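Here the structure is laid out as structure tokens; the discussion comes afterwards.
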Amino acid sequence: MRNTIAFLLLSLFVGAAAPAYAAGPEDLVKSMASEVTASVRSLPPGSNGVNPKLTAIIERDLVPRFDFTRISQIAMGRNWMKASQAEQRQITSEFSHLLIRTYSNAINNLRDLDVVVRSTRSNGSDGDVTVRTQMVGRGSPSSIDYSLSNATGSWKVYDVQVEGISLVAAYRDEFTGLVSSDGVAGVIAALKKKNAK
Amino acid sequence: MRLRVKYLPLALLVSFALLGAPVQAAKKPAPAPVTQAEPEPEILDPFEPFNRGVFMFNEAFDAVITTPVKFLYTNLLPEPLRRGIGNVIGNLDDVYIGVNHGLQGQGNLAGNDFGRVLINTTLGLGGLFDVASDMGLAKGKGDYGVTLGVWGVGPGPYLVLPVLGVSTVRDTVGRGLRIASDPRTYLEPITGYSLSGAEYVHVRSSNSSTEDLISSSSLDKYRFTRSLFLQRRDALISAAKQGN
């Protein structure tokens, strides 16, 4: 009995440690890309649009490697401090939901593309790094850069730039507009409305 | 007359560069790309009320005209034919990418672009097939707007053009230069407009998945589109400055 419990506890630790590895940011991006690619290819072809299986892949392979609080904070910019802690949590939860949905639409393209890690460079003095990758396949390759931070003790992604475009920056522009017209509550309401669709 | 028209774009470009804005082509070190942009980026959109009006008009135009035409185009024409049409458009575009790489002083890239045109026009049967890509000559990027940006011309205010969509003052000038230097502009109007219309339908069809993504993920589509477009233009110009 005690052995069983010990085994269970051990496997729990191993399980919990697995996504966090001591590995560097480049390995994280590499394994994330290869796992997601493999999962997407294992789906039957023609599964487009919002697909529960794709969402499941994202929940398993991507979500643990993203720092959604930091992402929400960047997207809110200086308005983050105007939100109460409860509002911050609400924004984080609604916004991550929306991002997951957005990525599940985009990720289907990985079916005929491969991700190649090109380089990793430091992002200034705060220890953040950017891992630059390329998606290669048909047509001209497109660049995808992941910004990662080790602030929480394990490397986590806080921004993704596709061809130099940051989705988080685009959301910041929207959030700024919503806060100035309807306050922080306006952001939460808009996110909820979008997610309900 | 034709000859004079040929030099119009170059003359315009030169005068624009001399009069309009500081030329920074000699300034090499590009600023480190902003990944986080902690300070809120300034977005120059003094015409926002007007732009939003045009944006709404364009949305309605898309719903009533572009979407049905796109539907017919993708459903009536088989995929290989559509890809061929895309290649022909791309082949003409390569000429302009080459011209712009030349204007940016990127001789090697221009050589690559013109090499592509040569190969695709001959071996690729008038541009129907993109054999140059298969031979390892990658397709370049750029247009007159990017060249102006590389020369140091700022974007100016954001603009939404009727039907044509998102732009800036600089990129509208770039578009004007492209139109002025496009052979289709000097064909008889019916042929010219038909060819431009065909390109419009093709480009809009091939952007469908991106457009769907924007619609499904944006809270304020006007602001979202504006940010994506301005970021994209900045990225293209930074890349061009670094010789990519």
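The values are calculated or read from the model by the stated rules, or taken from the named source; none is laboratory data. Remember, it's a predicted structure, so these values are computed and weren't measured experimentally. Backbone-built Cβ (ideal geometry, glycine too); neighbour counts: all protein chains shown.
Name the one entry in B:S205, B:S209 that is at pLDDT below 95 and more than 9 Å from chain A (Cβ to nearest Cβ). Walk me through how you get there before you give the answer.
Working: B:S209 fails: more than 9 Å from chain A (Cβ to nearest Cβ).
Result: B:S205 is the single residue among B:S205, B:S209 that is at pLDDT below 95 and more than 9 Å from chain A (Cβ to nearest Cβ).
Only a single criterion out of (1) more than 12 Å from chain B (Cβ to nearest Cβ); (2) surrounded by fewer than 17 Cβ atoms within 10 Å (Cβ to Cβ); (3) in a strand (DSSP E or B) is not satisfied by A:A86, namely (3). Against the criterion of being within 13 Å of chain B (Cβ to nearest Cβ), of a type in the set (G, A, S) and either under 17 Å from B:A239 (Cβ atoms) or touching a residue at least 40 places away in the same chain (Cβ under 8 Å) (or both), A:G124 does not qualify. Would a scan of segment B:183-200 turn up a residue that is under 30 Å from B:P49 (Cβ atoms), without any contact (Cβ under 8 Å) to a residue 40 or more places away in the chain, polar (S, T, N, Q) and more than 10 Å from chain A (Cβ to nearest Cβ)? So far as segment B:183-200 goes, yes, one or more of its residues are under 30 Å from B:P49 (Cβ atoms), without any contact (Cβ under 8 Å) to a residue 40 or more places away in the chain, polar (S, T, N, Q) and more than 10 Å from chain A (Cβ to nearest Cβ). When each of B:V163, B:V153 is tested for being β-branched (V, I, T), more than 22 Å from B:N91 (Cβ to Cβ) and over 15 Å from the mean Cα position of the chain (by Cα), the lone residue that passes is B:V153.
Please tell me if B:N75 is buried (at least 19 other Cβ atoms within 10 Å of the Cβ), modelled with pLDDT of 75 or more and in a helix (DSSP H, G or I). So B:N75 fails the test. Where residues in segment A:141-153 are among the small types (G, A, S) and surrounded by fewer than 20 Cβ atoms within 10 Å (Cβ to Cβ), which of them is farthest from the other protein chains (Cβ to nearest Cβ)? My answer is A:G153.
Between B:V153, B:V163, B:V173, B:V169, the distinction of being assigned by TED's automatic domain parsing to the domain that holds B:N244, of a type in the set (A, V, I, L, M) and loosely packed, with under 15 Cβ neighbours inside 10 Å belongs to B:V163 only. The residues of segment A:119-138 that are small (G, A, S) and part of a loop (DSSP other than H, G, I, E, B), listed by number, are A:G124, A:S125, A:G127, A:G137. Condition check: surrounded by 16 or more Cβ atoms within 10 Å (Cβ to Cβ), closer than 30 Å to A:H97 by Cα, basic (K, R) and away from every other protein chain (no Cβ under 13 Å). Does B:R178 satisfy that? The answer is no for B:R178. Out of the residues in segment A:154-175 meeting the condition of being in contact (Cβ under 8 Å) with a residue 24 or more places away in the chain and over 30 Å from A:A189 (Cβ atoms), tell me which one is farthest from the other protein chains (Cβ to nearest Cβ). So the residue we want is A:S154.
The rows are residues; the columns are (1) acidic (D, E); (2) within 24 Å of B:K241 (Cα to Cα); (3) in the same structural domain as B:A240 (by TED's automatic domain parsing); (4) assigned to a helix (DSSP H, G or I).
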| site | (1), (2), (3), (4) |
| --- | --- |
| B:P49 | no, no, yes, yes |
| B:F55 | no, no, yes, yes |
| B:I85 | no, no, no, yes |
| B:V95 | no, yes, no, yes |
| B:G102 | no, yes, no, yes |
| B:G126 | no, no, no, no |
